[in-house]
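Notes for the one structure printed next.
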Amino acid sequence: MTFSDETVMAYADGELDGATRAALEAAMLTDPDLAHRVAHHRELRGRLHAEFDPVLSAPIPERLLAAATGTRGQARTGNIIALQRTASRYWAWPQWGALAAGLIVGVLIAPLLRHAPAEGPLGIRDGRILASGALAHALSAQLASNQQADAAVYLGVSFVSRSGDYCRTFTLRDKSAVAGLACRERERWRLEALAATRPPGSGSGQYQPAASALPPGIEQAVDALIVGEPLDAQAEAAASANDWRH
Amino acid sequence: MASPDLSAGLVSLLPRLRRFARALTRNPHDADDLVQLTLERALARAHQLRPDAALAGWVFGILRHAWIDELRTRARSERVFAPEESGQHVGDARQGEQVEMLAVQDAMARLPQEQRLAVALVLVEGLSYKEAAHVMEVPIGTLTSRLARGREALQAMLGES
């Protein structure tokens, strides 16, 4: 039995219906040339992905985030949000191999944004991704040096960034299982980085990530922003008492 | 779709939109410009998005139109780019030149624009034939024939790896 190029192509693309697919798969067993044609098509797809996929895990320029959120005219070159950098770093872990690469940001951010604005941990305002609700409250009021081990939002390190703002790392201990870095901007907490604390599909509820174990991407983002040492307990309490202003 | 939801959806799609644009346009800055224009148009036309429509397909369609507009504008202003539909560049993959890392992008850039779109939507973005045909506003048969020709041309230019 012979198969047209378009049929072989459709098979390689997963577009054949059951009967034709079964016939082609049976034929491939005894026809190395047919198998080669299929492999050739798939190889091309693989080469295209190898070429174009890296942009999926590249940092997203702020002007594009601003455009997506309807904030015009605030393109600021060189100021990128580290969301994707952190995700890609974490994604390099072997168990992430099966994750659909295009969904990294979607997987992490979209569910957090999708709540009602008052309830969700993140919101979009003025083209910024900002902490809201319980997350914003914890960032402002909760002290890493004095928090419950099972707090819904767990605070990590606090430090002063190169731009002079206070920044804090946090871990959400709900099923979203993300850790992040937020920096104070006026009266708000602006999200700077976000990464998953565990691979998808590893179950929810039972697993509690160790509070001290930030994903590598978040640690990397801290390293990129920090000036000097993290705040100690005394400095953290003083900063919080002053509402994170200098 | 309310605007905050649409924005959240667009943010989620950003990595894929950037990849799609780069598959169409070699220059990364041009590709991001294309994405930015697409996002602005998507927000301006939010009322056109039917509640049951897939957001990705709708936004890819907007990006496709923005790209075609851009090519037309460029062709008019520079008179450098001939209309690519003829496919006249496809056969002249330069032999003997150094095979460098940009080979795949070079090859993509030589495809006629409709073939490049089909390849980008199906092979890079992973859309089904039906979805890709919808984005390109053509029947499935047209999509598959453009995809087949684009694929054949790419394979001829790239050879076996």
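A few remarks follow.
- Other protein chain Cβ atoms within 10 Å, averaged over every residue that makes up A:53-65: 5
- Between B:Gln155 and B:Ala46, the FRET efficiency estimated from the beta carbon spacing at R0 = 45 angstrom works out to 0.65.
- For the segment B:126-135, counting C-beta atoms of other chains within 10 Å of every residue's C-beta and taking the mean gives 2.
- Label separation (A:Arg186 vs A:Glu6): 5.8 nm, computed from points 7 Å beyond Cα along the C-beta direction.
- Taking every residue in A:6-12 and counting other chain Cβ atoms within 10 Å of its Cβ, the average works out to 3.
- Between B:Glu137 and A:Gln234, the distance separating the two model label sites (each 7 Å from Cα on the Cα→Cβ line) works out to 6.9 nm.
- For B:Arg74 and A:Ala58, the FRET efficiency from 1/(1 + (r/R0)^6), where r spans their Cβ atoms and R0 equals 22 Å, is about 0.30.
- The fraction of all Cα pairs in region B:1-81 landing in successive 10 Å bins from 0 to the largest distance is 18, 50, 24, 7, 0, given as whole percents.
- Sparsely packed loop sites in region B:1-79 (the trypsin sites (Lys or Arg not before Pro) outside DSSP H, G, I, E and B with at most 14 other Cβ atoms within 10 Å) comprise B:Arg26, B:Arg45, B:Arg79.
- Added length on full extension, which subtracts the Cα-Cα distance from 0.36 nm per residue, A:Val227 to A:Arg21: 68.2 nm
Any read-out appearing in this document is the output of simple, stated calculations on the displayed coordinates, not a laboratory observation. None of these values were measured; they are calculated from a predicted model. Don't worry about glycine lacking a Cβ; one is built from the backbone with ideal geometry, like all the others, and counts go over all protein chains shown.
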